[in-house]
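Beneath this line is the structure, given in structure tokens, with notes to follow.
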Amino acid sequence: MSIFSSKNFKLLANPLNLENPVTVQILGICSALAVTTKLKPAIVMGLSVIVVTAFSNLVISAMRNSIPPRIRIIVQLVVVASMVILVDQLLRAFVYDVSKQLSVYVGLIITNCIIMGRLEAFAMGNKPWPSFIDGVGNGIGYAIILMVVAFIRELFGSGAILGFQVVPQSFYDAGYINNGMMIMPTMALVLVGVIIWIQRSFNKELIEKD
Amino acid sequence: MQEIINIFIRSVFIDNMIFAFFIGMCSYLAVSKTVKTSIGLGVAVIFVQIITVPINYLLLEHVMKPGALVWISDSFKDVDLSFLSFMVYIATIAAMTQLVEMIIEKFSPALYNSLGIFLPLIAVNCAILAGSLFMEQREYKNIGEVLSWGLGSGFGWMLAIVSLAAVREKLRYNKIPAPLRGIGITFIITGLMGIAFMSFLGIKV
């Protein structure tokens, strides 16, 4: 089996658009919305989720034939929880301020439905390497939505990107003010709604039947 | 006593799990199609919440906090197990949902049949884990406050899901642009409901 056969490439590329975990599978919404006021925590969160999905997929897939079906949820939760503890300790050691901003949402990666969903739907029935790729793909699909939402919210909400002021002072002098609504948590929901709207008007097959 | 009531009111309206923190969104969006099922899930969430949050609080206070193990022996006073909190919380939650499910099945088959499918789902509902994580982060002082937070957060979650379900039931008769149908419009409605909930900001008992 080659490392990047076309089948594996599909596993990586599909979650970016047609099977996007956030906008199509509707998984992992909680953290997708809560950490997106600024771009930097969104990027850190996206990376953490990529790492956790990829490696817990890999581990569970390697163990899949020896897990008794009745207690599989608990086994999965333990594996995911250990991955999240690792990520959490790393974040605290290297990017303490971002880790403070993310607060409980790092812990909530454990119950992030993307991870449980992929474990159940993919890793339990596939070999370790494709599972790993599937984890990376879904993590990236999640991270992309996070970054788009965070980019829009930070740009219009505080006139900055990654903390650097991009809206020039002359705009403010001319009467431009930051849109305070964008900082509010509810705007994230509306933005994701609009992203879904745009995505589905380009991909007609995703439109829901009544 | 006043503090306990205050925590309850805050956790239902101001720090509402859904509208202020987006916690428990997955099942919130997936199950809110009819009022009846969302009431079932809401009750199950409250039920599990008022059991797991106090248990996790006791575990945190007497096992995991730095120096919490002194009650066994003085030599444990430097032990800090708080890095294990995620693992302990999720284990408690998974074990408790399993236990609650078995108890309900044995003693109240009618309730089991109405909650049945939702109970196992709750183990992976972020609202439950977040209840315990916020409990740790906000450093509540005694078991009464913790219980009030557990009850309030569960109740707030139920309030949110039942009201969304009521809106969605009416929505079926409306003409919505095709790409927005289903999940897209649900997001936007939740956003608008969140704006309505913002009017509770600043209420204090």
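Worth pointing out:
- The one condition from (1) among the small types (G, A, S); (2) modelled with pLDDT under 85; (3) surrounded by 23 or more Cβ atoms within 10 Å (Cβ to Cβ) that A:S5 does not meet is (3).
- If the condition is being facing chain B (nearest Cβ under 8 Å) and either assigned to a loop (DSSP other than H, G, I, E, B) or more than 16 Å from A:L191 (Cα to Cα) (or both), then the stretch A:24-41 contributes A:I26, A:L27, A:G28.
- From A:A62, A:A81, residue being buried (at least 21 other Cβ atoms within 10 Å of the Cβ), more than 15 Å from the chain's Cα centre (by Cα) and assigned to a helix (DSSP H, G or I): A:A81
- Taking residues in the stretch A:84-113 that are under 18 Å from B:L129 (Cβ atoms) and more than 9 Å from chain B (Cβ to nearest Cβ), and partners anywhere that are modelled with pLDDT under 85 and surrounded by fewer than 16 Cβ atoms within 10 Å (Cβ to Cβ), not one pair has Cβ atoms closer than 6 Å while being at least 6 places apart or on different chains.
- Residue list for the stretch A:174-210, filter: farther than 27 Å from B:M198 by Cα, at pLDDT below 85 and assigned to a helix (DSSP H, G or I): A:K204, A:E205, A:L206
- Cβ pairs under 7 Å, 6+ apart, first in the stretch B:41-53 and closer than 20 Å to B:L164 by Cβ, second of a type in the set (G, A, S) and buried (at least 24 other Cβ atoms within 10 Å of the Cβ): B:V45/B:A127; B:V45/B:G154; B:I46/B:G154; B:Q49/B:G131; B:Q49/B:G150; B:Q49/B:S153; B:Q49/B:G154
- Boolean, B:A130 is within 10 Å of chain A (Cβ to nearest Cβ) and in contact (Cβ under 8 Å) with a residue 12 or more places away in the chain: yes
- The single condition among (1) within 21 Å of B:M193 (Cβ to Cβ); (2) over 14 Å from the mean Cα position of the chain (by Cα); (3) not in a helix (DSSP H, G or I) that B:V79 does not meet is (1).
- So A:N178, is it more than 8 Å from every other protein chain (Cβ to nearest Cβ), surrounded by 14 or more Cβ atoms within 10 Å (Cβ to Cβ) and within 20 Å of the chain's Cα centre (by Cα): no
- Close Cβ contacts (under 8 Å, 6 or more residues apart or on different chains) running from residues in the stretch B:64-93 that are under 14 Å from A:G107 (Cβ atoms) to residues that are among the basic types (K, R) and in a loop (DSSP other than H, G, I, E, B) comprise B:S82/B:K65.
Let's see how each residue does on (1) of a type in the set (D, E, K, R); (2) closer than 30 Å to B:H62 by Cα:
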position	(1), (2)
B:E139	yes, yes
B:N142	no, yes
B:E145	yes, yes
B:G150	no, yes
B:R172	yes, no
B:K175	yes, no
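- Qualifying residue in the stretch B:97-116 (condition: modelled with pLDDT under 85, aliphatic (A, V, I, L, M) and not in a helix (DSSP H, G or I)): no
- Only one of A:I67, A:I73 that is within 13 Å of chain B (Cβ to nearest Cβ) and surrounded by fewer than 23 Cβ atoms within 10 Å (Cβ to Cβ): A:I73
- Residues (among the small types (G, A, S) and either out of contact with any Phe, Trp or Tyr (no Cβ under 9 Å at 6 or more places or on another chain) or in contact (Cβ under 8 Å) with a residue 24 or more places away in the chain (or both)) located in the stretch A:177-199: A:G180, A:A188
- The residues of the stretch B:9-28 that are crowded, with 20+ Cβ neighbours inside 10 Å and either away from chain A (no Cβ under 12 Å) or in a helix (DSSP H, G or I) (or both), listed by number, are B:R10, B:S11, B:V12, B:M17, B:I18, B:F19, B:A20, B:F21, B:M25, B:C26, B:S27, B:Y28.
The values are calculated or read from the model by the stated rules, or taken from the named source; none is laboratory data. As the structure is a computational prediction, the values presented were derived from the model and not from experiment. Cβ coordinates were reconstructed from backbone atoms using ideal geometry, including for glycine residues, and neighbour counts include every protein chain displayed.
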